[in-house]
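> Take a look at the following structure, please.
The numbers here are math on the coordinates, done by the rules we state, and not lab data. All values reported here derive from a predicted model rather than from experimental measurement. Neighbour counts run over all protein chains shown; Cβ positions are idealised from the backbone, glycine included.
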Amino acid sequence: MKAVGIHVFAGGFSHGVQQVADVTDHLEVHGFGIETAKAMCNVNVHNSPADEWPDVPADFAFGNPRCTGFSTVTAGYDENIHGPFAACTRDIWEFMNYCTGRYPIFAWESVQQAYSTGKPLIDMLVEKVAAQGYRVAHLFVNAASLGNAQYRKRYFFVAYDGSKPFNISPMTLPEYAPTLYDAIWHMRDRTDMTLTKLSQDEQDCLARLPNGWDLNMLAQYDCDNLPERMQDTWLMRNSGMPFSMHCVKRLSWQRPCPTIFSSAGRFIHPDHHRGLTHEELATIMGLPIVPLGNDPVPQIAKGVCPCVGEWVAQQAYHYLNDAWGGEDWEAKYRDGWITSSSVGKTEKVFNLTAYLQTRQRDFEDETFPRYRFNVDPRTGELIDSWHSIGKSHRRNSGTTRLRSTISVDVNDLADE
């Protein structure tokens with residue numbers, strides 16, 4: 001199978017697809033991540049206006065055009081920045097216009113809100129390709145299903161020639177639910193990595209920040225341990241999250257990494273008082289190299305986990321080789337598979353978001369005697385379930401307008 005990448009930037013998607021198909025060309029407009037893609041995937045990159053892209057013969061086309069218009073990161077902005085017809089959706093139109101009628105199957109990736117916030121656009125695209133004999137499969141996938149240490153939930157728009165059916169083969173789940181331990185525990189004592197930059201106020205918070213907590217939680221339950229300026233921000237807040245979703249957060253070895261986005265340099269190492277390094281973020285994402293250039297973290301964030309790219313390419317390969325015969329169905333997973341016939345339908349849905357390994361690795365307390373993780377900062381006691389902190393706090397926190405009266409000596413939890 002021969003494939004071409006379109007709007008794939010640094011090439012994480014391509015690196016996965018290359019495990020299944022021959023990918024020799026990328027078609028780009030923005031010039032973002034080109035050097036990384038060349039180094040990691042050894043591809044020819046054509047960077048030009050979309051109407052000047054060359055004709056690249058292929059069986060399958062794939063891409064991850066910009067998704068900020070659908071993301072919660074831009075919620076609240078005007079319709080030029082957030083919504084189904086935000087300016088960045090031009091990338092999707094360029095992808096669709098190039099692929100429709102040229103390739104028998106093509107797929108683009110986005111955040112899952114593309115199917116809700118972007119639904120008017122999705123409907124227009126379905127109508128566009130259906131007029132040329134294509135059908136559409138909407139795939140909802142979680143990278144953790146494939147062993148990645150993120151709960152990275154993503155949506156794929158898959159258009160395929162309707163002359164034969166497209167179905168999916170569920171991925172083989174990992175032995176245990178993946179955690180940060182699986183991804184970067186082996187890197188914990190390295191000193192040759194590139195640090196992300198934090199403000200002085202953020203650095204001053206780190207020794208006081210328990211595992212699993214961000215600045216908003218620290219302010220709510222231990223405000224006196226914030227620097228004075230940050231205490232004022234909390235006390236004068238207009239919402240329960242004055243430090244935004246981009247504030248520093250200390251991670252835990254026993255939990256998955258939050259979804260990596262462009263400000264993921266504020267993810268704090270479980271043990272060390274620093275942000276995750278470029279090398280650690282790239283490893284969590286599954287990239288074989290650290291992206292080149294001045295903006296490695298956005299290059300990491302604006303991509304597809306290679307393991308997911310490989311799985312999507314496998315589904316395209318099965319389709320092209322008519323692996324399903326006359327079978328034509330759709331499915332979702334909710335504590336078990338729910339399937340139904342999709343014969344005669346223009347659209348079908350495969351929702352695998354909840355198809356996850358739930359068995360937890362058995363971490364013995366003595367395994368990491370010097371590391372502070374999975375601790376309830378209010379009592380200093382180890383807890384069995386990482387879900388219990390957040391749930392109990394939400395039950396007892398009361399109104400977000402009231403300052404918490406809980407007092408914790410977080411310094412007792414700091415590394416020795």
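> Go through K302/K348; K2/K153; K2/K38; K2/K345; K38/K197 and tell me which ones have a Cα-Cα distance over 24 Å in this structure.
Violating the 24 Å limit, Cα to Cα: K302/K348; K2/K153; K2/K345; K38/K197.
> Contact order normalised by length for segment 215-369, with contacts defined as Cα pairs under 8 Å and 6 or more residues apart; what percent is it?
12 percent
> To make sure I understand, if each residue's beta carbon is the centre and we count other beta carbons within 10 Å, what order do T339, T100, T358 fall in, fewest to most?
Ascending number of Cβ neighbours within 10 Å: T358, T339, T100.
> Once amide H atoms are built 1.01 Å from N in the peptide plane, which residues 5 or more positions from D59, or in another chain, come under 5 Å H to H?
Answer set, sorted by chain and number: K2, A3.
> Give the Kirkwood hydrodynamic radius (Å, one decimal) of segment 108-164, defined as one over the mean of 1/r across all pairs of different Cα atoms.
12.3 Å
> Sticking with this one: Could you tell me which of rounded, prolate or oblate describes segment 196-248, using a ≥ b ≥ c as the square roots of the eigenvalues of the alpha-carbon gyration tensor, with rounded for a/c under 1.5 and, failing that, prolate when a/b is larger than b/c and oblate otherwise?
rounded
> Give, as a single signed number, the net charge of other residues whose beta carbon lies under 13 Å from the beta carbon of N321, with Lys and Arg counted +1 and Asp and Glu -1.
Counting the neighbours of N321, the net charge comes to -1.
> Net charge within 13 Å of N42 by Cβ-Cβ distance, Lys/Arg positive one each and Asp/Glu negative one each, not counting N42 itself?
It works out to a net charge of -2.
> May I pose another question? So for segment 1-141, averaging the separation of alpha carbon pairs under 8 Å that are six or more residues apart and normalising by length, what relative contact order in percent results?
RCO, segment 1-141: 21 percent.
> Can you pull the percent of Cα pairs in segment 154-292 with separation above 27 Å?
Distances greater than 27 Å cover 35 percent of the Cα pairs.
> Separate question: Rank the residues K348, K2 as a footprinting-exposure proxy: fewest other Cβ atoms within 10 Å of their Cβ go first.
K2, K348
> Relative contact order of segment 238-311: what whole-number percent is it, with Cα pairs under 8 angstrom and at least 6 residues apart?
Relative CO of segment 238-311 lands at 27 percent.
> Just how far, in whole angstrom, is segment 233-275 from segment 139-166 if you go by their alpha carbon centroids?
What the calculation gives is 28 Å, centre to centre.
> So, one more: Taking the Cβ of Y151 as the center, what net charge do the other residues with Cβ under 15 Å away carry, scoring Lys and Arg +1 and Asp and Glu -1?
+4
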